[in-house]
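**Q** Sending over a structure as structure tokens; questions will come in a sec.
FYI, it's all coordinate maths here, none of it is from the lab. Owing to the predicted nature of the structure, the values given are computational and were not obtained by experimental measurement. Cβ sites come from the backbone with ideal geometry, for glycine too, and all protein chains shown count toward neighbours.
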Amino acid sequence: LLDFVQQPYFTKQTVDKEKGIIAQEITMYDDQPDWRLYFGTIENLYENHPVKIDIAGTVVSIQDITAEHLYTCYETFYHPSNMLLFIVGAVKPEEMMAFVKKDQAKKSFDKPEVIERQFPSESKEVDVPERTLTMDVSKPK
């Protein structure tokens, strides 16, 4: 699992396949009233903060993703200093730590890039006090 996260492999074919899966998931969420209510509330609260942008993107926006984009994101954010490892189960913590340390000692990592986090200013007032959305809702039988 550590190798899977620390040695990515993206090709045009794997990215294109994943785009289709992500597009289905976006469409599925867009059809759920509870999700639309939740995310609509987030969108209404903020004017500038990026939290108002759905992390999944849109069916249209994900079409622009390439393997090169993913490698750039990986190189920027997927550094061991940005990661946490959780191990759950009937294991001995000392043995797991020894395994992880041995595994990581075999690898070398470039110094991570400095990530400048930006926090745009926001009003203390709700950005959009009211918005109406009408959609079909199925009722279980």
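**Q** Show me the chymotrypsin sites (Phe, Trp or Tyr not before Pro) within segment 58-141 that DSSP assigns to loop and that have at most 16 other Cβ atoms within 10 Å of their Cβ.
**A** Details: sites: Tyr71, Tyr74, Phe77, Tyr78, Phe86, Phe99, Phe109; in loops: Tyr78, Phe86, Phe109.
Qualifying residues, ordered by number: Tyr78, Phe86, Phe109.
**Q** Can you pull out the trypsin sites (Lys or Arg not before Pro) in segment 55-125 that DSSP calls coil and that have at most 13 other Cβ atoms within 10 Å?
**A** Numbers: sites: Lys101, Lys102, Lys106, Lys107, Arg117, Lys124; in loops: Lys106, Lys107, Arg117, Lys124.
Counting only loop positions with at most 13 other Cβ atoms within 10 Å, the trypsin sites (Lys or Arg not before Pro) in segment 55-125 are Lys106, Lys107, Arg117, Lys124.
**Q** Given charges of +1 on the Cβ of Lys and Arg and -1 on the Cβ of Asp and Glu, with all other atoms neutral, how large is the dipole of the chain about its Cα centre, in debye to the nearest 20? Could the numbers behind the result be given before it?
**A** Values: 16 positive and 24 negative charges, 121 e Å.
I would put it at about 580 debye.
**Q** Mind checking which of Gln104, Ile65, Thr132 is farthest towards the positive end of segment 65-141's charge dipole, using Cβ charges of +1 (Lys, Arg) and -1 (Asp, Glu) about the Cα centre?
**A** Final value for the positive-end residue is Gln104.
**Q** Go ahead and estimate [θ] at 222 nm for the chain from helices alone: -39,500 (n - 2.57) per DSSP H run with n ≥ 4, summed, over the residue count, rounded to 500.
**A** Per the formula, -13500 deg cm²/dmol.
**Q** May I pose another question? Specify which labelled value, from (i) 59, 38, 30; (ii) 56, 43, 37; (iii) 93, 27, 21, agrees with Cα extents along the principal axes in Å derived from the coordinates of the model shown.
**A** The listed entry that was calculated here is (ii).
**Q** State the extension gain, in nm to one decimal, for the chain segment bounded by Val126 and Val91, taking 0.36 nm per residue of separation less the distance between their alpha-carbons. Please list the in-between numbers first.
**A** Working: separation 35, 0.36 × 35 = 12.60 nm, distance 4.79 nm.
Gain on stretching Val126 to Val91: 7.8 nm.
**Q** Using Cα atoms only, what is the angle between the long axis of helix 12-30 and the major principal axis of the chain, expressed in degrees (0 to 90) to the nearest 10?
**A** Result, in degrees: 40.
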